[in-house]
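Engineer: One structure, pasted below without further comment.
The values are calculated or read from the model by the stated rules, or taken from the named source; none is laboratory data. The structure presented is a predicted model; accordingly, all values stated were derived computationally and were not measured. As a convention, Cβ positions derive from the backbone with ideal geometry for all residues, glycine included, and neighbour counts pool all protein chains shown. Just the protein is used for accessible areas: all its heavy atoms, side chains included, with ligands, DNA and RNA removed. Shrake-Rupley method; radii C 1.70, N 1.55, O 1.52, S 1.80 Å.
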Amino acid sequence: MKKTFKGITAFLTLAAMLAFTACGKTETNSEQSGENSVLAAQLDTDPKTGISPPNETSAISAKKGELTMLHEPDCPGSLIPGIGCRNSVCYTENGYYYFGEYKSDDYPHLFYLDYATLQEVIVCSDSSCKHDTVNCASVFLDEYVFEYHLFVFQDHLYCLTTDIDQDGSLQSGGGFISDKLKEINDERESKRRASLYRMNLDGTERQRLWQSDAGYIAESEVFGDGTGFWFVTKQPSAEVHEETGAVYNHSKDRAFIRYDINERKITDKIPLEDCNNIALRVDNCTGDKFFLLGKAYPNGTSIMDNMDILAPGTEIGSINPDYWDFNDKCECVYFTLDVKTKELREITRYKIADVNFGADCRNGLLYFEKPDNSIFTLDIESGETAELNIPEGYRFMGFFADKLVLSHYPGDRNDRARYFADPDGSNITRSGLLTNEGVDIDLITVVGDDALVINGEFGIPSETSPGAYSCRTPLYALISLDDLYNGRANYKPFDMVNVS
């Protein structure tokens, strides 16, 4: 599984610096199958490419009693694109599922990359289908749904569908939304629901297992525990600041819920409430605990208490000039939430001014970078810290596979190369691989001794706008980890459906 890069730098943008508001409510416990959508006949072999579907051994399962992250979100606010920043995707030992466009029809099609054959397949078994209508079996369309979170559990593929999550974001005031648009938006908010679908690994026999109450959405992180999985549901809400007119998007009735795969229903819940005005953001898991973080404002104040500084200006992207000094006085706080005892425990906190960057939990450790660019770790259980022995000038950027990802600033500032190092900071190597457009390749996940990457794009010319593209298809490839770490562009490209 990939390691999603989600750092403290996400707090430094207005949208991401605000975490979530919460209070608990039980979701419906009854199984709601809804409208079962069964795909066409069993996809034994793709008629065009001859590719066999993934087998059951490719499924990723959580160990019983231990939490495993089954779906990780994308990473808005990241300062280094290309390290696991993909959404609506899922990994198995044999292939990679993801949603994308077919040609330029704008429908969310389900695709599959077969590692063995280096072929991309549209997950549709109908040999006569042109894949250009909503009737194609690979298309997912739900009313008021804009996010599709894929994950594999045991021997099935699942998809958690939901509306856009704006929790934690701020919008400037001004009353620029018409009454008609407000009416449409209110109707949408009252009708939207999150749904959970299950299907075979080849995409057949898709059915809806569960649906939230009306007006609720789901967050993107999904965790497995061996016999079921956990995710967060909530009811979006908003609060208007009287003086500035700014709108703070948050939520209520927010809670972890557990869906039991055998009982086919919700069997447990853990409310996610604010902790002393600190809104909690789900980040990762370790053992039988969820790993959470939040932002503490000075003197225990809340987001609304500080809206005179936090509220965005009327111009797009404008920030109060006092914001950065204020932000330095805030603290980032890390917590664990025990699944069994439901105990929320603070494990550490630090002033944002004292740390440049902090990564999420990895093997029970937090990795931080101080303003002097030194990198150190903190053990979640013991609280012990240790500084890594990394030469001066390297900056901590995140993780990929079992490697630290670094950059090197004191050298040539035009050198955009990534550097890789062992978790203790040793064995630093320079990569420097770029796409066909001259930007860093996207690092997706580890496939045995290889890495799955995106090393370019293919543009489909627009039929109506000369010089423009109607669709851009990412170009996927495998590359050995050794070649990746040492900057050797020995790619094994996939045969992509959209590339003629």
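Engineer: Looking only at the stretch 463-479, filter to residues that are open to solvent by 30 Å² or more (accessible area, probe 1.4 Å) and more than 22 Å from the chain's Cα centre (by Cα); which one of those is modelled with the highest pLDDT?
Structural biologist: Pro466
Engineer: If you don't mind, another one. If I filter the stretch 288-302 for residues that are in contact with a Ser or Thr (Cβ under 7 Å, 6 or more places away or on another chain), of a type in the set (Gly, Ala, Ser) and either under 18 Å from His149 (Cβ atoms) or buried (at least 22 other Cβ atoms within 10 Å of the Cβ) (or both), do I get at least one hit?
Structural biologist: No, there is no match, as no residue in the stretch 288-302 is in contact with a Ser or Thr (Cβ under 7 Å, 6 or more places away or on another chain), of a type in the set (Gly, Ala, Ser) and either under 18 Å from His149 (Cβ atoms) or buried (at least 22 other Cβ atoms within 10 Å of the Cβ) (or both).
Engineer: Restricting the search to the stretch 360-373, which residues are more than 16 Å from Pro423 (Cβ to Cβ) and surrounded by fewer than 16 Cβ atoms within 10 Å (Cβ to Cβ)?
Structural biologist: Selection gives Lys370, Pro371, Asp372.
Engineer: Looking only at the stretch 127-169, count every residue that is closer than 25 Å to Lys252 by Cβ and among the charged types (D, E, K, R) and tell me the total.
Structural biologist: Residues in the stretch 127-169 being closer than 25 Å to Lys252 by Cβ and among the charged types (D, E, K, R): 6 in total.
Engineer: On to the next question. Yes or no: the stretch 245-257 includes at least one residue that is over 19 Å from Gln166 (Cα atoms) and β-branched (Val, Ile, Thr).
Structural biologist: So far as the stretch 245-257 goes, yes, one or more of its residues are over 19 Å from Gln166 (Cα atoms) and β-branched (Val, Ile, Thr).
Engineer: At pLDDT 85 or above, open to solvent by less than 30 Å² (accessible area, probe 1.4 Å) and under 29 Å from Asn486 (Cβ atoms): does that describe Phe396?
Structural biologist: yes
Engineer: When the stretch 328-356 is examined, which residues are found to be more than 14 Å from Gly383 (Cβ to Cβ), at pLDDT 90 or above, open to solvent by 50 Å² or more (accessible area, probe 1.4 Å) and in a strand (DSSP E or B)?
Structural biologist: Selection gives Leu344 alone.
Engineer: Given the criteria under 17 Å from Ser172 (Cβ atoms), out of contact with any Lys or Arg (no Cβ under 6 Å at 6 or more places or on another chain), at pLDDT below 90 and of a type outside the set (D, E, K, R), does Gly287 qualify?
Structural biologist: When the stated conditions are applied, Gly287 does not pass them.
Engineer: Those residues that are more than 24 Å from Thr92 (Cβ to Cβ), among the hydroxyl-bearing types (Ser, Thr, Tyr) and either at pLDDT below 90 or touching a helix residue (DSSP H, G or I) at 6+ places or on another chain (Cβ under 8 Å) (or both), I need them from the stretch 418-462; list them, please.
Structural biologist: Hits for the stretch 418-462 are Thr429, Ser431, Thr435, Ser462.
Engineer: Which condition number does Val499 fail, the rest of (1) part of a strand (DSSP E or B); (2) modelled with pLDDT under 90; (3) open to solvent by 40 Å² or more (accessible area, probe 1.4 Å); (4) within 28 Å of Thr117 (Cα to Cα) being met?
Structural biologist: (1)
Engineer: Then there's this: Just to verify a result, which residue in the stretch 374-385, among those that are among the hydroxyl-bearing types (Ser, Thr, Tyr) and farther than 18 Å from Asn284 by Cα, is surrounded by the most Cβ atoms within 10 Å (Cβ to Cβ)?
Structural biologist: Here the residue is Ser374.
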